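This report refers to the structure that appears directly beneath it.
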Amino acid sequence: MNGPELVGSLCRIRPLQEGDAEARWDLVNDGESRQMISGVEGTSFDQVREWCKTAADRKDRYEWAVTALDSDEYLGEVQLVKVDHADRKARLRLAMRQAYRGRGYAVDFVPLVLDYAFAPEPHGLGLHRIYTAMLSGDARVHSVFVAIGFTFEGRLRQTHWDGDRWLDTLLSSLLAEEWAELRRDQTRNVDEE
């Protein structure tokens with residue numbers, strides 16, 4: 001499904017589109033990114049192009065391309081997957097192209113996605129819980145989620161073989177009321193400055 005375009009201070013996110021296929025192909029073929037986007041092993045360029053072209057047709061996920069504020073170039077992506085409206089939850093996933101990692105983009109766009117996910121309908125999805133499941137080989141991204149306010153829930157041991165070693169899956173989550181309190185605290189801190 002298509003979510004709205006959302007604009008932060010460093011970047012914007014917009015629905016994934018067919019024109020993102022070549023840059024997403026680069027992302028899919030990067031070893032570190034491949035760990036963040038499961039199920040892409042053996043994917044062809046034509047499959048990536050079709051995925052980008054039909055992203056809006058999927059009913060249980062929202063997929064956005066991350067772009068710079070002054071460009072439409074695909075820098076990476078963020079997704080809400082396994083969106084469950086009955087239980088009001090979804091999984092948050094992200095992956096950035098290698099040249100754009102570590103520049104603070106995730107700290108900018110993840111709050112935009114959370115605001116949209118937790119906002120009541122019709123302005124958002126009205127979700128109650130957002131969770132992540134990150135491989136232990138990507139501790140940097142997991143630390144970003146924790147810094148934003150996610151609570152570490154646990155570790156599933158040796159869930160993924162990366163060709164050299166077993167990796168664990170790190171689970172964390174954030175509830176709507178926790179996010180609302182974090183946002184209130186941020187507003188109070190800005191008002192006090």
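The base-10 log of I(q)/I(0) for the stretch 86-170, evaluated at q = 0.11 Å⁻¹, reads -0.36 [Debye formula, identical scatterers on Cα atoms, solvent excluded]. Just so you know, the Rg over Rh for the chain is 0.95, from Cα atoms, with Rh as the Kirkwood radius. Magnitude of the charge dipole for the chain, about its Cα centre and with charges confined to Cβ atoms of Lys, Arg (+1) and Asp, Glu (-1), is about 460 debye. Accessible area per residue for the stretch 26-168, computed on protein heavy atoms with a 1.4 Å probe, is 50 Å². Computed with a 1.4 Å probe on the full set of protein chains, the accessible area for Thr54 sits at about 30 Å².
The Cα center of the stretch 1-27 and the Cα center of the stretch 146-188 differ in position by 23 Å.
Within the accessible area of the stretch 106-193, what % is carbon and sulfur when the probe is 1.4 Å and the other protein chains stay in place? Could the numbers behind the result be given before it?
On the way: 2540 of 4890 Å².
Carbon and sulfur atoms account for 52 percent of the accessible area of the stretch 106-193.
The values are calculated or read from the model by the stated rules, or taken from the named source; none is laboratory data. Values in this document were obtained by computation on a predicted structure and should not be read as measured data. Virtual Cβ from ideal backbone geometry, glycine too; neighbours counted across all protein chains shown. Heavy atoms of the whole protein, side chains included, go into the accessibility calculation; ligands, DNA and RNA do not. Shrake-Rupley method; radii C 1.70, N 1.55, O 1.52, S 1.80 Å.
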